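Q: Please read through the structure below; I'll follow up with questions.
The values are calculated or read from the model by the stated rules, or taken from the named source; none is laboratory data. Treat the numbers as computed from the prediction; the structure is a model and nothing was measured. FYI the Cβ positions are ideal-geometry reconstructions off the backbone, even for glycines, and counts take in every protein chain you see. The accessibility values were calculated without ligands, DNA or RNA, using every heavy atom of the protein model including side chains. Shrake-Rupley method; radii C 1.70, N 1.55, O 1.52, S 1.80 Å.
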Amino acid sequence: PIVEEGNKRTWNPARMYIPSSSWFKYNRDVSILNDYMYSLIIQRWEQRKREEGRAMAQYRREDILDRTLAAIAQDQWNEATILQIRDEMKTFILAGHETSASMLTWTLYELSINRDIKQKVLEEAENVFSKYIDYDEFDPKHIMGFLKNSETYLEYSECCLRESLRKY
């Protein structure tokens, strides 16, 4: 709902200033998200302090919040720091999601209206993956491992994605 309202405000900026039911709902949703993120950051900070130097930390996968908190010194931990981390995490999650979704949507749109480019993307994928993938035993982990360790990659496909970002 927050992203949806943000999109609506792009086309109708007055929505930010005129109190309405959607204005109140948006502010309530943002407040709920802020409270949740704030409490999550506090809980994770305390968890990391409890785990410090103990073997228990090795059983939990670190995420972006862990890595962000690891960069904060104890003497820098205060209300302003928590609010800054909260806002950075919201930006990371919301903006990253929207950018990726938009890029994929517009790329698929462009491929759907341009058969020649779509054909080149399909041929490139077939050329890269057919050598390394047994379609009878399809394993997505194998693909990711291959792409991470390969000098061959989807160069034309990447260009199409980048062009969608540039264009839209």
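Q: Show the residue pairs that are 6+ apart or on different chains and have beta-carbon atoms under 6 Å apart, the first residue being within region 12-32 and closer than 22 Å to L83 by Cα, the second being among the acidic types (D, E).
A: Y26/E5
Q: A follow-up question, please. Being modelled with pLDDT of 95 or more, open to solvent by 90 Å² or more (accessible area, probe 1.4 Å) and either among the hydrophobic types (A, V, I, L, M, F, W, C) or touching a strand residue (DSSP E or B) at 6+ places or on another chain (Cβ under 8 Å) (or both) is the filter here, so list the residues in region 91-121 that pass it.
A: Result: L108, I113.
Q: If I ask for residues that are acidic (D, E), closer than 26 Å to V3 by Cα and surrounded by 14 or more Cβ atoms within 10 Å (Cβ to Cβ), which ones from region 33-84 would you list?
A: Within region 33-84, D66 is the sole residue that qualifies.
Q: Taking the residues in region 1-16 that are loosely packed, with under 10 Cβ neighbours inside 10 Å and of a type in the set (A, V, I, L, M, F, W, C) as candidates, determine which candidate is farthest from the chain's Cα centre (by Cα).
A: Here the residue is A14.
Q: Could you check region 17-32 and list, in sequence order, the residues that are open to solvent by less than 80 Å² (accessible area, probe 1.4 Å) and part of a helix (DSSP H, G or I)?
A: Once the filter is applied, which keeps residues that are open to solvent by less than 80 Å² (accessible area, probe 1.4 Å) and part of a helix (DSSP H, G or I), region 17-32 yields S22, W23, Y26, N27, D29, V30, S31.
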